[in-house]
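Here is the structure we will look at, set down as structure tokens.
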Amino acid sequence: PSMEEHVKENDNKTIFLSYNWHDEEIADKIDKHLSSFSNITVKRDIRDIGTWKSIREFMKSIRNQSYAVLIVSDYYLKSKNCMFEVTEIMKEQAYKDRIFPAVVEHGIYDPLIRAKYIKHWQEECNKLEAAIKGLDLANVTELTADLKYYKSIASSMGEFLSIVADKNNPDIQEVEIQIEKAILKN
């Protein structure tokens, strides 16, 4: 293979598409566009979680991909699965450079709206905590793990929203083109 072909071969990028199913149309558009490049592989739940395989394991794989595209909508910010993916990617040291937020919910630029999302997760924690209180300790191991995970979302929410709000995010109408440019220039 020529030098140029060799470079292309080793320059494969994987992108984890993190979205809420309510935003499937936008996800499809981004997926279709980025998948059209031979050196880009888009990892997506509808293709990459085998029947009866662990959804949680798939979500954790966000950390192993080159980049993550996050379709940030109201549904996304209130979804425990989407926010689990966010807390996973935030465990990576240079995660800020590896995420491409596709912002649908423009309220996140307003600190009052960001506070509402943090409050939402605090309330989810309180509800689950209250539900666990009436149960026998021996029966709540898994629920306690869920609570820990809700608390992790609540405590990460402020940082996540402020990082996304600080980025010069492209218009959602052309976000896939901007993602393509950012990925292929690296």
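The values are calculated or read from the model by the stated rules, or taken from the named source; none is laboratory data. What you see is a predicted model; the values in this text were computed from it and never measured. Note: ideal-geometry Cβ built from the backbone for every residue, glycine included; neighbour counts use all protein chains shown. Heads up: the accessible areas ignore ligands, DNA and RNA and are worked out on the full protein's heavy atoms, side chains in. Shrake-Rupley method; radii C 1.70, N 1.55, O 1.52, S 1.80 Å.
For residues that are farther than 23 Å from GLU124 by Cα and either touching a helix residue (DSSP H, G or I) at 6+ places or on another chain (Cβ under 7 Å) or open to solvent by 70 Å² or more (accessible area, probe 1.4 Å) (or both), tally how many sit in the stretch 76-97.
To start, the set of residues in the stretch 76-97 that are farther than 23 Å from GLU124 by Cα comprises 92-97.
Narrowing further to those that are either touching a helix residue (DSSP H, G or I) at 6+ places or on another chain (Cβ under 7 Å) or open to solvent by 70 Å² or more (accessible area, probe 1.4 Å) (or both): 92-93, 95-97.
So the count comes out to 5.
Quick grid of which residues meet (1) closer than 20 Å to ASN169 by Cα; (2) among the hydrophobic types (A, V, I, L, M, F, W, C); (3) in contact with a Phe, Trp or Tyr (Cβ under 7 Å, 6 or more places away or on another chain); (4) in contact (Cβ under 8 Å) with a residue 60 or more places away in the chain:
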position: ASP28; (1), (2), (3), (4): yes, no, no, no
position: GLU88; (1), (2), (3), (4): no, no, no, no
position: ILE108; (1), (2), (3), (4): yes, yes, no, no
position: LEU112; (1), (2), (3), (4): yes, yes, no, no
position: HIS120; (1), (2), (3), (4): no, no, no, no
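Under 8 Å between Cβ atoms, at least 6 apart or on separate chains: pull out the pairs that start in the stretch 50-71 with a residue that is in contact (Cβ under 8 Å) with a residue 60 or more places away in the chain and end on any residue that is part of a loop (DSSP other than H, G, I, E, B) and open to solvent by 20 Å² or more (accessible area, probe 1.4 Å).
From residues that are in contact (Cβ under 8 Å) with a residue 60 or more places away in the chain, the pairs are SER66/ARG98; TYR67/ARG98.
Name every residue in the stretch 103-130 that is open to solvent by less than 60 Å² (accessible area, probe 1.4 Å) and aliphatic (A, V, I, L, M), in order of residue number.
VAL103, VAL104, ILE108, ILE113, ALA115, ILE118, LEU128
Can you tell me which of TYR67, TYR109 is aromatic (Phe, Trp, Tyr) and out of contact with any strand residue (DSSP E or B) (no Cβ under 6 Å at 6 or more places or on another chain)?
Criteria check complete, one pass: TYR109.
Based on this model, can you work out whether ILE71 counts as open to solvent by 20 Å² or more (accessible area, probe 1.4 Å) and either modelled with pLDDT of 95 or more or within 10 Å of the chain's Cα centre (by Cα) (or both)?
Working: open to solvent by 20 Å² or more (accessible area, probe 1.4 Å): no; either modelled with pLDDT of 95 or more or within 10 Å of the chain's Cα centre (by Cα) (or both): yes.
Taking the combined requirement at face value, the residue does not satisfy it.
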